[in-house]
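One structure is given below, encoded as structure tokens.
Taken together, the values in this text are just the output of simple stated rules run on the coordinates, not laboratory data. Being a predicted model, the structure only gives us computed values, none of them experimental. Virtual Cβ from ideal backbone geometry, glycine too; neighbours counted across all protein chains shown.
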Amino acid sequence: MRLGINLGYWGAGMDDDNLAVAQEADRLGYDVCWAAEAYGSDVPTVLAWVAARTESIDVGSAIMQIPARQPAMTAMTAATLDSLSGGRFRLGLGVSGPQVSEGWYGVKFDKPLARTREYVEIVRKAMSRERLSYDGDHWTLPLPGGPGKPIKLTVHPQREHIPLYIAAIGPKNLEQTGEIADGALLIFPSADHLEETAVKHLRAGREKAGKTMDGFDVCPTVPLAVGDDVNGLADMFRPYTALYVGGMGSRKQNFYNQLAQRMGYEKEAAEIQDKYLSGDKAGAAAAVPHQLIDQTTLLGPVERIADRMQAYAAAGVTTLTLAPAGFTLDERLAALRAGTEALERSGLAA
């Protein structure tokens, strides 16, 4: 099992710290550094900055939002980043959520699976430097009856095949991801539930495409906090968990809330959402069960984290992406080093 690092969103007052974390991860031999976007910093700019100041670590988008860009632009960006980074770019895609898609980008959040499938087909075709033509339900290239003609990408990517990941949570999205992508970006992964909530659906998609799970990257992001007080460390992540389970999306369309329900927390997920949407964020955080936090994070001393890493590997994880917590840069760097130590103790290091 490999290790990755997730910097999250840029521009939250920790820009210099994030660069230092990426550089330390590079020095320690982490496999990939991911960055995110929502409605603040854009991810390609961040990754170009990180790639220019690191040596060997891959840089990946987790995620580039599908409603934000036409697929041909995404292909151009991926090819450019791959070329500039010396073949270190990984393209992670996702549909975002209805609030961002419709409120920020003005793109209807309808038929997300069909849109994702077409988007991926166009991106792959463009990156392969074929002359681009496509006739789908959501995109038609070139536009009919006009001056457009099929053209091809002029930039040569560093590699013939740029790894393509999709952020997936729901069963249908996971199955399609297994069918059309090279990897899956997961969030709130519980090693105890991963087979039921994710891997079996990914496997079904691979089988649908006539493939096995060999070579497919199961890549969850897991918050990491190191120390002896597991309960205290878990409390650090109460607001984070409450935000996603209670406040991300609408009452009817919250994929994280639905995931918590599939993990057996139906009553608790409803209470968290009720409190959060009513404005009681503190109450929502207090309602998050300790077990839910502990199952979806890496908490405790290095020995305990090593044991949890073994459980993730046994559940099918191939790249475990860490989001090291800490109030200072030194704390985050120490957590990063502890992650490397835990992987070595687990016996999973390559």
For the chain, longest principal axis from Cα atoms; helix 43-52 axis from its Cα atoms; angle between them, nearest 10 degrees, is 80 degrees
Taking Cα atoms only, helix 329-346 is inclined relative to the longest principal axis of the chain by an angle, in degrees rounded to 10, of 90 degrees
Under a Gaussian network model of the chain whose springs join Cα atoms within less than 10 Å, the largest fluctuation of T319, T297, T212 belongs to T212
For region 32-113 the mean separation of alpha carbon contacts under 8 Å (6+ apart) over residue count, i.e. relative contact order in percent, is 31 percent
Listed by chain and number, the residues whose amide H is under 5 Å from that of M64, excluding neighbours fewer than 5 places away on the same chain and using placed H, are G92, L93, G94
Going through K208/K252; K125/K172; K149/K172 one by one, the pairs whose alpha carbons sit over 28 Å apart turn out to be K208/K252; K149/K172
Ranked by GNM mean-square fluctuation in the chain (Cα springs under 10 Å), the top entry among D16, D31, D42 is D16
Taking the alpha-carbon centre of each part, the distance from region 65-126 to region 1-52 in Å is 19 Å
Applied in sequence order to region 74-87, the curve 6.51 cos²θ - 1.76 cosθ + 1.60 (Karplus, θ = phi - 60°) yields integer Hz couplings, x standing for Gly and Pro, of 4, 4, 4, 5, 4, 5, 5, 5, 5, 5, 5, 8, x, x
Computed from every Cα-Cα pair in region 238-295, P(r) in 10 Å bins starting at 0 and rounded to whole percents is 29, 63, 8
Rounded to the nearest 10, the angle in degrees between the Cα long axis of helix 15-28 and the longest principal axis of the Cα atoms of the chain comes to 90 degrees
Most fluctuating of Q70, Q258, Q295 in the GNM of the chain (C-alpha, under 10 Å) is Q70
Total charge of the residues flanking K111 in space, meaning their Cβ is under 13 Å from its Cβ, with Lys and Arg +1 and Asp and Glu -1, is +1
